[in-house]
1. Consider a paramagnetic label point 7 Å from the Cα of residue B:365 along Cα→Cβ; state which residues of the stretch B:67-107 have an amide N under 18 Å from it.
2. If you take all C-alpha pairs in the stretch B:281-363, what percent of them are over 14 Å apart?
3. Which three extents, in angstrom, do the Cα atoms of the protein assembly as shown have along their principal axes, listed largest first?
4. Could you work out [θ]222 nm for chain B from helices alone, using -39500 (n - 2.57) per DSSP H run of at least four and dividing by all its residues? Round to the nearest 500 deg cm²/dmol.
5. So what are the stretch B:392-447's ellipsoid semi-axes, whole angstrom, largest first, if each one is the square root of 5 times an eigenvalue of the alpha-carbon gyration tensor?
6. Viscosity 0.890 mPa s, temperature 25 °C: Stokes-Einstein D of the stretch B:502-577 from its Kirkwood Cα radius, in µm² per second?
7. Ranked by Cβ crowding within 10 angstrom, fewest neighbours first, how are A:83, B:502 ordered?
8. If you count, for each residue, the other Cβ atoms within 10 Å and average over each peptide, how do A:48-54, B:197-203 line up from highest to lowest?
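What follows draws every value from the coordinates through simple rules; no lab data is involved. Only a predicted model underlies this, so the values are computations on that prediction, with no experimental measurement involved. Counting neighbours? That spans all protein chains shown, and the Cβs are built from the backbone with ideal geometry, glycine included.
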Amino acid sequence: MLDSVKKLIKYYEDVISLNHKQEIARELRDEDDLFLLMLYSEMLGIPNPVYYYTLELYPHMIEEFHDWHLRMGMDKSPLTGIRCC
Amino acid sequence: MSAILVAILGLVIFALGYRFYSKFIAEKIFRLDPNYVTPAHKYKDGVDFVPTNKFVLWGHHFTSVAGAAPILGPAIAVYWGWLPAVLWVVLGTVFAAGVHDFGTLVISVRNKGQSIGTLANKLIGQRGKILFLFIILILVLMVNAVFAWVIANLFITYPASVLPVFIQIPLAIWIGYAVYKRNIKMLVPSLIALAVMYATAIFSAQNEFLQIDLVRYMGGEEAAGLFGLGAVATAFFIWIAILLAYVYVASTLPVWKLLQPRDFINSHQLVVGLAILYLGLFLTNPQITAPATNPGADTSWLPLLFITIACGAISGFHGLVSSGTTSKQLNKETDARFVGYFGAVGEGVLALVSILAVVTLFANADEFLGAYGSFADANAIGLGNFVEGAGALAQGLLIPQGVATTIVSIIVVSFAATTLDTAVRLMRYIISELGTEYNIPALTKTHVATTVAVGSTAALVLIPEGPQGFGSGGYLLWPLFGTSNQLLAGISLLLISLWLKRLGRNYIYTFIPMIFLLFMTMYALFQQVTFTWSWWGTNSNMLLFVFGAINFVFALWISITAFSAMRGKFDNRIDND
């Protein structure tokens, strides 16, 4: 009995917190996107003095970049410089 | 006739519809595949695309679509008697809304989780998109104007509800900070907020000094108010001005600060409201006193019944939710049946009890017919009657009448206020999009777009000659609300039919509701545009004539597109991944 009440409360909490989890994840993703932009602004033509160093991160970001362009509805990489797929 | 009997009959038909009809649709028509990789898995990003348990997703979907509209429509439509309203809600939910909500979810899942708006754009092209945006703009403008009046009306009729409703704002902000900034679990804070609100409701229902009654402050209904208006009109003016100022601020804040925490509280309120209504119904066993049909009606039920009850029978707005957010979170394709179809059933259950609350309120049929003297009267008093009727049902749970009506009015106002916030936000996005489309960069700025949204709402709501007195200008456009909503549903059903046709399946189950909806919408629009609103009509009104004519042309265009599409012209425009 106690278990099913606990389950019910957990279910109820999951329902009402769905939006909230999504909002937090969105904020985090926006921050990440901004961070990526700061690292690689050179690709968009904005001069970036530390580009030389941030480029070293390039191998680590390919996977994230791939997720990003899929998220934006593009099946293939939009930039010829980044050949993730 | 016993209201319990009608409720049980309705619930049994809903259950049978879910058990057999939706199963048939899922297996034979949509042919859902449990192994299909849904967008939630394919594009999983932890934000928009997140595989979610079907029960949790259903709860979320249901609370997103249920609001004040499935209460308002039925409370007006009982004007034609309880039978037509009950039949349309029950059969509409089983054969139209269920298939529509379910279908929009599935077609979106099979099209990378894209929304119905994007899919419609593919079908009807760029010019169609602009007209589509325009129709939605009219839709939200009407929602704003009408709900601002509805809330002001409830504040004036039930002054005890003012304080609890306003207390919800700081409570919501507190929850927002607690949950988002300090990472506290939200169940407890939101339940505390609800308890504080209802405790305030009980105190203010019993103590007159806590009731913010503007009309009483000005010296009663007969007294003179400001700007040469009467006391009641002044009260409407003040409340509407406060509401519009509130909605301006609320809709420009980030969603987590106010809108979402309010939604958490409102989901509890939905559960509380449904529980009070159904428990009250089964404990008090009230008799339906309203007549089954109303032969003396001054406005024919055909086609207006199908326009008046949109949410609760079938509503295009649900398709926007199904295809907008829910489709991106569907774990397995086979879950769509439960989430989509059963979500529509949930809304039908709410609409059914709204009808029963109103038709059991009056002592006898004559009293009912006296109150619902004309269709205009029904529009004016519908929601108030729902609050009274629901209050009477709540008395079955030993809640005092004053407290019960206060709590019910708080629930309705909370739903309406959240809808207002969302609608102004939506209007802002559409104005920005039109600004981008027509190269007017100023319109894309948040505060400019919001000012245009709130300003046009204010202009509409404060037109002095509104049908229900000062401040009810929004009601002028209300007849168009249902038609725009149903038109949207018609477009969604057309897209689903096209998709089914392309796959060589039997599309009759979505095509018939589509024809029915488009026919009723065009019939209602033609009738009203030609015989009521035109310059030779009985109630000439240029504003309505222009908006109505635009809607009619759009409906005609959609019908022609549907006809050509069914002859195989646009088969390749809807994908099936």
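1. Correct set: B:78-87.
2. 74 percent
3. Principal axes ranked by extent give 79, 62, 57 Å for the Cα atoms.
4. -22000 deg cm²/dmol
5. Whole-Å semi-axes of the equivalent ellipsoid: 44, 8, 5.
6. Answer, rounded: 172 µm²/s.
7. Sorted ascending by nearby Cβ count, the order is A:83, B:502.
8. Ranked from most to least packed, the peptides come out as B:197-203, A:48-54.
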